[in-house]
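Working notes, structure below.
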Amino acid sequence: MDYTSTKDRSSYLAKIRKRRKVLIGVSVFLIFVLIILVLALTVFKPRHAITTIKSVKLQSMKAALNVPNMGLDLNVTLDLDILVKNPNPASFKYTNSVALLYYRGMQIGEAEIPAGEIFSEETLEMNVTLTVLADRLLSNSDAYSDVTSGQVQVQTSTRISGKVTVMKIIKHHMVSYSYCDLLLDVWNQTVANMECRYRTKL
């Protein structure tokens, strides 16, 4: 019996088995990566958190001429009902966010939206109160004429920023925006018209 030939044959078979194991391992790894990639592009693909304004109510509105400063003291309080829908298969955790109130491009009020969490496929309703910072309008010459005309145009802007973490590994950051143009009826103390736009950034 040729001992050397037997030894070489055993060594050759051992190498083949080793290569086979490596090939199987690489194949399994590639299949696993492919499955993760497919899931990431389908099931786990991030979907935009959708922010919508359900309603805007004019809680109070008071206007008076500030004679010493020749300006207008305008106190407006708006109640915003905001809906945020999370269509993702994981929770959407958002940081402290903000709602802003504008008049003719000038910021006149703001309100904080405390950090929170929206569970998978859940819609969360938030109530935010925006109050005018009255001193911002004292030097604005347009405010008095707008109020005396009976209609005041203002804008609201909300920004909700957070992230969705899938399987504690895949993290998606997103920011959801809403913008509304509001026409306030001074005499009836109501919101006469509202037009909103929405946007999400990943």
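Nothing in this text is a laboratory measurement; each read-out follows from the coordinates by a stated rule. Everything numeric in this text was worked out from a predicted model, so none of it was measured. As a convention, Cβ positions derive from the backbone with ideal geometry for all residues, glycine included, and neighbour counts pool all protein chains shown.
Straightening the chain between LEU30 and LEU100 buys 20.3 nm, computed as 0.36 nm per residue apart minus the Cα-Cα spacing. Close amide H partners of VAL186, meaning residues 5 or more places away or on another chain with modelled amide H under 5 Å apart, are GLN151, VAL152. Taken over the stretch 73-131, the convex hull of the Cα atoms encloses 83 Å³ per residue.
Taking label positions 7 Å along the Cα-Cβ direction at both SER120 and SER141, the computed distance is 6.0 nm, reported to one decimal. Over all other residues within a Cβ to Cβ distance under 13 Å of SER27, the charged ones net out to +3, with Lys and Arg as +1 and Asp and Glu as -1.
Extension gain for LYS45-GLU112 works out to 21.1 nm (0.36 nm per residue, less the C-alpha to C-alpha distance). Cβ-Cβ distance of SER60 and ARG159, R₀ of 22 Å, FRET efficiency by 1/(1 + (r/R0)^6): the value works out to about 0.30. Derived from the Cα gyration tensor, the three semi-axes of the equivalent ellipsoid of the stretch 85-202 are 35, 14, 11 Å, largest first. Legend: residue pairs LYS85/LYS171; LYS57/LYS85; LYS62/LYS85; LYS21/LYS171, Cα-Cα distance threshold 24 Å; pairs beyond threshold, LYS62/LYS85; LYS21/LYS171. Pairs over the 18 Å Cα-Cα cut-off, from the set LYS163/LYS201; LYS54/LYS93; LYS45/LYS201: LYS54/LYS93.
The HIS173 and GLN151 beta-carbon pair, evaluated with R₀ = 41 Å, returns a calculated FRET efficiency of approximately 0.55.
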